[in-house]
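Asks: Got a structure for you, questions after.
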Protein chains: 2
Amino acid sequence: MSSEQSRKLTIYDLAKLANSSPSTVSAVLNGTWQRRRISRKLAKRILELAEREGYSTNMQARALRRDRSGILGMILPLYDNRYFSSIAQVFEAEARRRGIFTIVSCTNRDPAQEREAARMMLAYRVEHLICTGATDPDAIAEMCGAAGIASLNLDLPGTAAPSVISANREGARRLTDALLDRLEARRADAARVLFIGGRAEDHNTRERIEGFRQARERRGLATAPTDIVTCDYAAEKAQAALEAYVGREGRLPAAMFVNSTISLEGIVRWLRLGGHDVNDIIMGCFDWDPLAAAFHPRLIMMRQDVPTMIARLFDWIDVPPEDPASRLEVMPEIVGDPAQVRVAG
Amino acid sequence: MSSEQSRKLTIYDLAKLANSSPSTVSAVLNGTWQRRRISRKLAKRILELAEREGYSTNMQARALRRDRSGILGMILPLYDNRYFSSIAQVFEAEARRRGIFTIVSCTNRDPAQEREAARMMLAYRVEHLICTGATDPDAIAEMCGAAGIASLNLDLPGTAAPSVISANREGARRLTDALLDRLEARRADAARVLFIGGRAEDHNTRERIEGFRQARERRGLATAPTDIVTCDYAAEKAQAALEAYVGREGRLPAAMFVNSTISLEGIVRWLRLGGHDVNDIIMGCFDWDPLAAAFHPRLIMMRQDVPTMIARLFDWIDVPPEDPASRLEVMPEIVGDPAQVRVAG
DNA sequence: AATAGTTGCACAACCGATTGCGCATTCATA
DNA sequence: TATGAATGCGCAATCGGTTGTGCAACTATT
């Protein structure tokens, strides 16, 4: 609050001002002064001085000496949907609550960018690295392992580090059940249900497909390969895939299991452009977006339980699981389908 | 790639392995070896050794010695809309392209959190601090000034640091023009246009209101205080505000200028819950969301030009403006209104 | 062959905090 | 009045890079 020194104030400056020593100032400022038997009086004087002079600890120096950065790193595919942005926000909020600093980096679902981001995070000596939705989590876990840094997977599981993920199969089963219930209520053809979006090679998509298949099987419905279109997540891809599907089948599907809000964007756009009423198709989306809910109240969505997922993640940060390949599934919540409330239990 | 040492490899280790000295290894690894006249042969040998042993520079040590962290900091209100998430992504991508590391922190439009985040960023000795949509940018600029760190404002302007913002007034004028054009085409009552959302105390909202007012004035339309409802951004607030407005006026507005996608969410939800057709009201939104566009093709949106804004920001990071209170306005683009294409020029 | 310039590298002092250790006082006890 | 313990604090080494400076060895010049 006082002088606008361009050289930042250090503990050495404070020590001089307080007629004390750097080690004492350090102990006072980092809270270890009681253990070091610094008198309360002196501690108080130094704290006031630091406050008055606007001292701020040089975290680089502290990190270097302590060999701990006090930073938690996270890599993330993107920020631009509610699921990932909420992951970033909740993660940051929880870390802040614990006085830990966070660094988040978007890697655009690109393995090369993932590796590069991980390399930087390791150079900054993050204490843990959270890999969210990583395309190649094991590669990163291996890098972290070599550097002696713990890594954790979120959203997509790996085999080389503990993973917190959504209960994709069970969630998909419930979402599919909700779609089928609606179809029955409408007396529509339950055969024409389309699963669209996602990547055939990613774990979540495979699990959701399996849940989709199982839910149908339990009602005696077969699932043909053409019922499933894993066209990647992008809106344009979903749009083109739906167009192709409709061209092939000659008509719209009766219901759709849309594998992300970004795919939903393409689907809805294509339907509107083609003059279709979105309400004519029963739609479920495995992800949640309140704006979509506002526009389309009959849309059924699976909202992944981000707060719980992050909480479990921090549990493992606090106490690493014995098994490095531990996998924890967190149940997502169905939204927008009142009829489902009893079924979900 | 070799041993899984738990102690991280340092330049001292490499120096021993290479029969060289730490200073030489350092120069080789940080690229200053030519200036230090290290032979190409030795440099090559050391680089290969470092690669083989999986060396990674301890950035804390480097930052401490250089007195520069190589980190760019940004504070942001939220990630969860397309505007802010895109700011974070584009900012990070551009920084990455330049080999600079970034730290982004969400501060929930809360001045206390803003200050706390800034304090942490300064403790980590970020080289610049970008304050995006800060409620109190000048307070942060002052903190940065005292620490001898340059700060820049984005989205919301301040008086104590250079600011890159959207051309809110002109953008609002154009958006309002588009609404009024549609109203005329529909021969609807141009008096019943509602401006809704935002904060009366924030600069952007004030500017947009002024643009709104001017556009109407130019067509001979007066703007009453009741035509403007700055109920904050939250969906629930917008929902409640619209309900109150309709209760007061006895009918829906003919058109609405919605001041953010988050407010739009509340508006649309209220309309759907009340059984209204969103197409009955001519709507413009000052912000852009592709999912909203997909659901509501007649919605007119102002898409803020994030890439240009970030580019200008980096221009000022490279070459600080002479005037610390410089302000640069970047024109947003109107989306979803084909008729506007010629008017926009 | 003596001198000057160049090449190639190592020494050692930092950067700012942390922390094991030790030394002077003061206090309690015998 | 000695003696042991407790109190209060400072010294100095250390974390891992960076960088000004200096010194050999070698090359070019006269």
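The values are calculated or read from the model by the stated rules, or taken from the named source; none is laboratory data. It should be emphasised that the depicted structure is a prediction, and the values quoted were computed from it without experimental measurement. Please note: Cβ atoms are built from the backbone with ideal geometry, for glycine as well, and neighbour counts cover all protein chains shown. When the accessible area is computed, the model is the full protein with side chains, heavy atoms only, and any ligands, DNA or RNA have been set aside. Shrake-Rupley method; radii C 1.70, N 1.55, O 1.52, S 1.80 Å.
Asks: Limited to region A:284-324, what total is found for residues that are assigned to a helix (DSSP H, G or I) and either touching a residue at least 60 places away in the same chain (Cβ under 8 Å) or out of contact with any helix residue (DSSP H, G or I) (no Cβ under 8 Å at 6 or more places or on another chain) (or both)?
Replies: Looking only at that region, the number is 14.
Asks: With (1) at pLDDT below 95; (2) within 10 Å of DNA strand D (Cβ to nearest atom) as the list, and B:T10 as the residue in question, which single condition is left unmet?
Replies: For B:T10, the exception is condition (1).
Yes or no, residue by residue, for (1) open to solvent by less than 40 Å² (accessible area, probe 1.4 Å); (2) assigned by TED's automatic domain parsing to the domain that holds B:P253:
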{"residue": "B:L154", "(1), (2)": "yes, no"}
{"residue": "B:P157", "(1), (2)": "yes, no"}
{"residue": "B:A172", "(1), (2)": "yes, yes"}
{"residue": "B:D177", "(1), (2)": "yes, yes"}
{"residue": "B:L180", "(1), (2)": "yes, yes"}
{"residue": "B:R186", "(1), (2)": "no, yes"}
{"residue": "B:A191", "(1), (2)": "no, yes"}
{"residue": "B:I196", "(1), (2)": "yes, yes"}
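Asks: Right, next: For region B:233-270, name all the residues that are surrounded by fewer than 22 Cβ atoms within 10 Å (Cβ to Cβ), among the acidic types (D, E) and at pLDDT 95 or above.
Replies: B:E236, B:E243
Asks: Confirm whether A:I71 is in contact with a strand residue (DSSP E or B) (Cβ under 6 Å, 6 or more places away or on another chain) and either within 16 Å of DNA strand D (Cβ to nearest atom) or over 28 Å from B:S69 (Cβ atoms) (or both).
Replies: Spelling it out, A:I71 is indeed in contact with a strand residue (DSSP E or B) (Cβ under 6 Å, 6 or more places away or on another chain) and either within 16 Å of DNA strand D (Cβ to nearest atom) or over 28 Å from B:S69 (Cβ atoms) (or both).
Asks: Just checking, which of B:I87, B:I46 is open to solvent by less than 10 Å² (accessible area, probe 1.4 Å), in contact with a helix residue (DSSP H, G or I) (Cβ under 8 Å, 6 or more places away or on another chain), in the same structural domain as B:P22 (by TED's automatic domain parsing) and farther than 28 Å from A:R66 by Cβ?
Replies: Among B:I87, B:I46, only B:I46 is open to solvent by less than 10 Å² (accessible area, probe 1.4 Å), in contact with a helix residue (DSSP H, G or I) (Cβ under 8 Å, 6 or more places away or on another chain), in the same structural domain as B:P22 (by TED's automatic domain parsing) and farther than 28 Å from A:R66 by Cβ.
Asks: Tally up the residues in region A:264-283 that are of a type outside the set (A, V, I, L, M), part of a helix (DSSP H, G or I) and within 12 Å of chain B (Cβ to nearest Cβ), please.
Replies: 6
Asks: How many of the residues in region B:177-207 are more than 21 Å from B:P137 (Cβ to Cβ) and in a strand (DSSP E or B)?
Replies: Counting residues in region B:177-207 that are more than 21 Å from B:P137 (Cβ to Cβ) and in a strand (DSSP E or B) gives 4.
Asks: Filter region B:119-134 down to the residues that are crowded, with 17+ Cβ neighbours inside 10 Å, within 8 Å of chain A (Cβ to nearest Cβ) and farther than 22 Å from A:I87 by Cβ and list them by number.
Replies: Scanning region B:119-134 gives B:L122, B:A123, B:Y124, B:R125.
Asks: Which residues, taken from region A:296-305, are open to solvent by 10 Å² or more (accessible area, probe 1.4 Å) and at the interface with chain B (Cβ under 7 Å from one of its Cβ atoms)?
Replies: Hit for region A:296-305 is A:P297, nothing else.
Asks: To continue, here is another question. What are the residues in region A:23-41 that are open to solvent by less than 40 Å² (accessible area, probe 1.4 Å), under 19 Å from A:T57 (Cα atoms) and near DNA strand D (Cβ under 7 Å from one of its atoms), if any?
Replies: A:T24
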